[in-house]
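One structure is given below, encoded as structure tokens.
The values are calculated or read from the model by the stated rules, or taken from the named source; none is laboratory data. Predicted model only: the values in this text are computed from it and were never measured. Here the Cβ positions follow ideal geometry from the backbone for every residue, glycine too, while neighbour counts run over all protein chains shown. The protein model used for the area step is the full one, side chains on, heavy atoms only, and it has no ligands, DNA or RNA in it. Shrake-Rupley method; radii C 1.70, N 1.55, O 1.52, S 1.80 Å.
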Amino acid sequence: MFNAHAITAISAAFLASTVEVTEAYTIVLAVGLTRGWRSAAAGTAAGLAILAFIVVAFGPMLSRLPLTALQFPIGVLLLLFGMGWLRKAILRSAGIIPLHDESAIFEQEFAELKDGGNRERIDSGGVLAAFQSVLLEGLEVVFIVIAVGVGRGLLIPAAVGAALACILVLAIGAVVHKPLSQVPENTLKFAVGVMLTSFGVYWIGEGLGVVWPGSDFALAYIAGAFLVSGLGSVALLRRSAA
Amino acid sequence: MSLLRQIGSELYSMFVSDAVMTALTLAIVLAAAALRHFTGTSPTLVGFGVLLGCLSVLIVRVLSYGLKSK
């Protein structure tokens, strides 16, 4: 039922959403604990509503365009986006730039929000902080869902993958009630970077009329090439630091 | 206004994490498209050229950033 494209699209949406929702959850948690849960929920709901609107408005519109018109431009955007994530994940894995520290971000946000505001009623500062966090982190997820979903009828599976990650992270967050520092964000970012760059190169090729040897299996060897290059770069950078 | 600026900045950083890497990647893709449309270069060769070019740009940019940061 699912081919390599579908599996890669759904996995990319799920993993990317896990990373971004974990980051947004940290801010929403700080808002909830300092300005009250009603403010946190209101800001989160408003952010999610705008993100859902973007997917519902642009996804079907782009899906109506012929695949050949979409492959090249979406391939280029996926390639640029994926290479950005992969670059950052390589530099973090090699210890060149610091890992994303959810606990430190939570402490900072908590310190900024704890003074002022009103926990008893909806607090505009808290709503805005939660709203901004959900909207800004969610934009990347929305891009991935639309980019990997359009053209091959995978918009709904990709959106479901992203929504499942959202539910999973929020459910864990509701139980543990602290920043999710244990989520291996950089490993997930590395994996998503590899998937999106592979999608990008594959789609650019198809947009230019390339018939990839191995058809859909080409995604696997393109991903393998990016994975080996990424891991090799990490090893080289670590060795040069030693 | 501040929110719109933040959204704009977020959208920019989504695609331009390293300006030189982005420019080189776009140059490779545009060169591949030009080769494909204006010459008789084999499409498969163009596809693998894009793959190798992007791999090279990624490796060179992360290594140069990493070595400069030491």
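Per residue of the range A:35-42, in order, report the coupling 6.51 cos²θ - 1.76 cosθ + 1.60 (Karplus, θ = phi - 60°) as ³J(HN,Hα) in whole Hz, putting x for Gly and Pro.
Listing the rounded values in order: 10, x, 6, 5, 5, 4, 5, 5 Hz.
Accessible area per residue of the range B:18-69 at 1.4 Å probe, in Å²? Spell out each step's value before the answer.
On the way: 2620 Å² over 52 residues.
Per-residue value: 50 Å².
Please say if the protein assembly as shown is rounded, prolate or oblate, where rounded means a/c under 1.5 for a ≥ b ≥ c the square roots of the C-alpha gyration tensor eigenvalues, and otherwise the choice is prolate for a/b larger than b/c and oblate otherwise? The partial results should precede the final answer.
Details: a/c = 2.18, a/b = 1.54, b/c = 1.42.
Because a/c hits 1.5 or more and a/b exceeds b/c, the protein assembly as shown counts as prolate.
Counting only protein chains, not ligands or nucleic acids, how are A:Y221, B:Y12, A:Y202 ordered by accessible area (probe 1.4 Å), most first? Don't jump to the answer; show the numbers that get you there.
Working: A:Y221 65, B:Y12 140, A:Y202 5 Å².
Reading off the accessible areas and sorting them downward yields B:Y12, A:Y221, A:Y202.
Provide the net charge surrounding A:L139, with neighbours chosen by a C-beta distance below 11 Å and charges set as Lys +1, Arg +1, Asp -1, Glu -1. Can you show the working numbers first?
Numbers: positive: none; negative: A:E20, A:E137, A:E140, B:E10.
Neighbour charge sum, excluding A:L139 itself: -4.
Go through A:T26, A:T44 and list them by solvent-accessible area, largest first, probe radius 1.4 Å.
A:T44, A:T26
A:H100: net charge of surrounding residues, Cβ under 12 Å, Lys/Arg +1, Asp/Glu -1, itself excluded? Provide the component values of the computation, followed by the final result.
Numbers: positive: A:K88, A:R92, A:K189; negative: A:E20, A:E23, A:D101, A:E102, A:E137, A:E185.
After counting each charged neighbour, the total is -3.
Determine how large the accessible area of B:I28 is when every protein chain is in place; take a 1.4 Å probe and give Å² rounded to the nearest 10.
40 Å²
For a quick check of understanding: with a 1.4 angstrom probe and all protein chains in place, what accessible area in square angstrom does B:D18 have, to the nearest ten?
Near enough 10 Å² of accessible area.
Quick check on the protein assembly as shown: helices-only [θ] at 222 nm, where DSSP H runs of length 4 and up contribute -39,500 (n - 2.57) each and the sum goes over total residues. Nearest 500, please. Provide the component values of the computation, followed by the final result.
Details: 11 runs with 254 residues, N = 312.
Here the helix-only value at 222 nm equals -28500 deg cm²/dmol.
For the range A:29-105, give the percent of accessible area contributed by carbon and sulfur heavy atoms, probe 1.4 Å, rounded to a whole number.
Working: 2400 of 3240 Å².
Exposed carbon and sulfur together represent 74 percent of the surface.
Any idea of B:V29's accessible area? Nearest 10 Å², probe 1.4 Å.
Solvent-accessible area, nearest 10 Å²: 0 Å².
Given the options A:V210, A:Q182, A:A242, identify the residue whose Cα lies farthest towards the positive end of the charge dipole of the range A:107-242 (+1 on Cβ of Lys, Arg; -1 on Cβ of Asp, Glu).
About the Cα centre, the residue reaching furthest to the positive side is A:A242.
Order A:H5, A:H177, B:H37, most accessible first, counting only protein heavy atoms with a 1.4 angstrom probe.
On the way: A:H5 0, A:H177 95, B:H37 130 Å².
Final ranking, largest accessible area leading: B:H37, A:H177, A:H5.
Could you compute the net charge surrounding A:I222? Neighbours are other residues with a C-beta less than 15 Å from the C-beta of A:I222; K and R count +1, D and E count -1. Write down the numbers at each step before the final one.
Working: positive: none; negative: A:E206, A:D216.
Every neighbour counted, the sum reads -2.
With a ≥ b ≥ c taken as the square roots of the eigenvalues of the C-alpha gyration tensor of the range A:158-237, please select rounded if a/c is under 1.5 and otherwise prolate if a/b is larger than b/c or oblate if it is not? Kindly include the intermediate steps, with their values, before the conclusion.
On the way: a/c = 4.03, a/b = 1.70, b/c = 2.37.
Since a/c reaches 1.5 but b/c is at least a/b, the shape of the range A:158-237 is classed as oblate.
Report the number of Lys pairs in the protein assembly as shown whose alpha-carbons are under 21 Å apart, with separation of 8 or more residues or on distinct chains.
Working: A:K88/A:K189; A:K88/B:K68; A:K88/B:K70; A:K114/A:K178.
Lysine pair count for the protein assembly as shown: 4.
To the nearest 10 degrees, how steeply does helix B:2-15 sit against the main Cα axis of chain B, on a 0 to 90 scale?
That works out to roughly 30 degrees.
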